[in-house]
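See below for the structure under consideration.
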Amino acid sequence: MERRAQAGLGRRDGREGLKLSLGRSPVFAAVDLGASKVACFILKPDGVRRTERTLTTAGVGYVQSRGVRGGAIVDVAEASRAIAQAVERAEAMAGLDIHAVTIVTSCGQLASHRVSAKVAIGGRPVTDVDQSRAVSQAMANLKLNRRKAIHMRPIAWSVDGQGHVQDPRGMSGRALGLEMLVVSMKEGVHQTLAHCVERAHLEFEGVVASPYASALAALEEDEMELGSICIDMGGGSTSVAVFAGGALVHVDSLPVGGSHVTKDVAQGLSTSLGGAERIKTLHGSAIASANEDREMIEAPPRGDDPGAGPVTAPRSMLKGIIAPRVEETLEILKERLKAANALEMGAGIVLIGGASQLAGVREVATRVFDRNVRLGRPARIPHLADAAAGPGFCAAAGVLQRAAFGPRDLSLKMGARAGRPSRPVDPNANMVVKAAAWLRENL
């Protein structure tokens, strides 16, 4: 943290010429701010493999999270320090400095809202300006009430009633229709996230919803098209993204995650939080196993009494603590999906997030939702080390994938790009010019 504070101004001064020529840095960084860990993934333009649609990260760094609890930021200074440390570890691996990051998180009580609009286009081809008018009209019908819109994703466009249009530009008609999903978070949390990043001496480039990013990393194209429910089971929250017809159609979150299971174990076995986490990881399961009544487990006692012996309990007691919490969380999520008419949109369930790795969680989810369930991983970054290739790293990987391949969110400023052609890049240009061109087209 001190190194970043002391070196921040010098690095920025040294980059001014480069920033003026590029408009922004040719390096993209995503920081996954969770309750159990903070992870930073760095991507350079040469790490994008368009033919295979895969990525190679330039640097990865992660540290134990601090200052985040139950899907909320509770200590700005600690959260800022964790962000800075994760970024510095990724920078050391990449051998470069970054100046800006995009935060991916499930904090802020994520929620989604469906809105629609229809605008006249007078029988001519649809342009970016027409799309911008439709987006503006749809947003005008939405009252967010102290919430910040972080994503505006089209569910479907229509031209003269013809639906399921993915890109209406160039299509002629008299009316352009839009059905759109707006993902929002609490406005105060968004401002707090920006403050955390600035305290880490970095520029804040925005927020991506964790379940949405994780789904981009874990879901296959046919799963998005046929319908899938992606459940992100993190340390402090459980969030969900639903895809159908290739579009994001619903986002929701619950402030309950793996850390709550750990607390239940600590209370039930009268052990410390550290001991409970270790016992949960080594012996925990959400389903019954053979001989669990006769198998005994040991946990360290609370406090610092050197004479106190370890806490012993049958493994069946541990399962009896874990299973009800996991099942209750998934049941609540199922009811909320049903209330939002989103449950039947997903043909299958994909579990991601660190808490999804607990033994038996997939089997419980299969029973609760009564459909196929699989564990997801960031498959499009195949080179990742085993420690960073698990379900808990899908969110950061998904942000990089979104930056490289899309999809882009809708914008109220779409009209500013109307009629602006792409500028060809001289094949003999240097790498800085090529990097700037890549960013203009992809970020």
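Each value in this text was obtained by applying a stated rule to the coordinates, not by laboratory testing. Everything numeric here is computed off the predicted structure, so don't read it as measured data. A quick note on method: Cβ atoms are made from the backbone with ideal geometry, for glycine too, and the neighbour counts reach across all protein chains shown.
Among His113, His164, His260, determine the one that fluctuates most according to a GNM of the chain built with springs between C-alpha atoms less than 10 Å apart.
Comparing His113, His164, His260 in the GNM, the peak value goes to His164.
With no solvent and one point per C-alpha, what does the Debye sum give as log10 I(q)/I(0) for segment 337-390 at q = 0.18, 0.25, 0.29 Å⁻¹?
-0.70, -1.01, -1.14
Please determine, in degrees from 0 to 90 and to the nearest 10, the orientation of helix 431-442 with respect to the longest principal axis defined by the Cα atoms of the chain, where the helix direction is its Cα long axis.
90
Tell me, what is the FRET efficiency for Glu295 and Arg124 to the nearest 0.05, using R0 = 51 angstrom and their Cβ-Cβ distance as r? Could you put the intermediate results ahead of the total?
Values: r = 73 Å, r/R0 = 1.44.
Once the sixth-power term is evaluated, E becomes 0.10.
Determine ³J(HN,Hα), in whole Hz, for all residues of segment 251-263 in sequence, where each value follows from phi through the Karplus function 6.51 cos²θ - 1.76 cosθ + 1.60 and θ = phi - 60°; x replaces Gly and Pro.
Each residue of segment 251-263 in turn: 9, 8, 8, 10, x, 9, x, x, 5, 6, 5, 4, 5 Hz.
Using +1 at the C-beta of Lys and Arg and -1 at the C-beta of Asp and Glu, which of Gly59, Val242, Ile150 has the Cα lying farthest in the positive direction of the dipole of the chain?
The residue sitting most towards the positive pole is Ile150.
Could you tell me how many cubic angstrom of Cα convex hull volume segment 149-249 has per residue? Show your work: numbers first, answer last.
On the way: hull volume 13.9 nm³, N = 101.
Taking the convex hull of the Cα positions in segment 149-249, it is 137 Å³ per residue.
List the longest stretch of the chain that has no exposed loop site; here a site is one of the trypsin sites (Lys or Arg not before Pro) assigned by DSSP to anything other than H, G, I, E or B, with at most 14 other Cβ within 10 Å.
Details: sites that count: Arg50, Arg53, Lys143, Arg146, Arg174, Arg294, Arg371, Arg408, Lys413.
Here the longest segment lacking exposed loop sites spans 175-293.
Please go through segment 25-123 and write out the GluC sites (Glu not before Pro) that DSSP classes as loop and that have at most 15 other C-beta atoms within 10 Å. Please report the intermediate quantities before stating the final value.
Details: sites: Glu52, Glu78, Glu88, Glu91; in loops: Glu52.
The qualifying sites are Glu52.
Collect residues whose amide H, placed 1.01 Å from N in the peptide plane, falls under 5 Å from the amide H of Val256; neighbours closer than 5 in sequence don't count.
Thr238
Using amide H atoms built 1.01 Å from N in the peptide plane, name the residues 5+ places from Val159, or on other chains, whose amide H lies under 5 Å from its own.
Those lying under 5 Å, H to H, from Val159 are Gly177.
Give the relative contact order (percent, whole number) for segment 13-169; include only Cα pairs under 8 Å separated by 6+ residues.
Numbers: 212 pairs, mean separation 28.2, N = 157.
Computed over segment 13-169, the figure is 18 percent.
With a bin width of 10 angstrom, please list the P(r) values of segment 284-392 as percents of all Cα-Cα pairs, from the 0 bin to the one holding the largest distance.
Cα pair-distance distribution for segment 284-392, in percent: 12, 31, 29, 20, 7, 1.
For the residue pair Ala92 and Lys143, what label-to-label distance in nm results when each label sits 7 Å from Cα along the Cα-to-beta-carbon direction?
Placing both labels 7 Å beyond Cα along the Cβ direction yields 5.2 nm.
Roughly what % of Cα-Cα distances in segment 111-184 sit above 21 Å, to the whole percent? Could you put the intermediate results ahead of the total?
On the way: 629 of 2701 pairs.
Pairs farther apart than 21 Å: 23 percent.
Along its three principal axes, how long is segment 58-212 when you only count alpha carbons? Whole Å, largest extent first please.
Dimensions of segment 58-212 along the principal axes of its Cα atoms: 56, 36, 21 Å.
Between Glu78 and Ser172, what is the label-to-label distance in nm when each label sits 7 Å out along the Cα-to-Cβ direction?
About 6.4 nm separates the two model spin labels.
Run lengths n ≥ 4 of DSSP H only: what is the helix-derived mean residue ellipticity at 222 nm for the chain, with -39500 (n - 2.57) per run over all residues, to the nearest 500?
-11500 deg cm²/dmol
Could you compute Rg(Cα) / (2.2 N^0.38 Å) for segment 193-308, with N its residue count?
On the way: Rg = 20.0 Å, N = 116, 2.2 N^0.38 = 13.4 Å.
Rg over 2.2 N^0.38 Å, computed on Cα atoms: 1.49.
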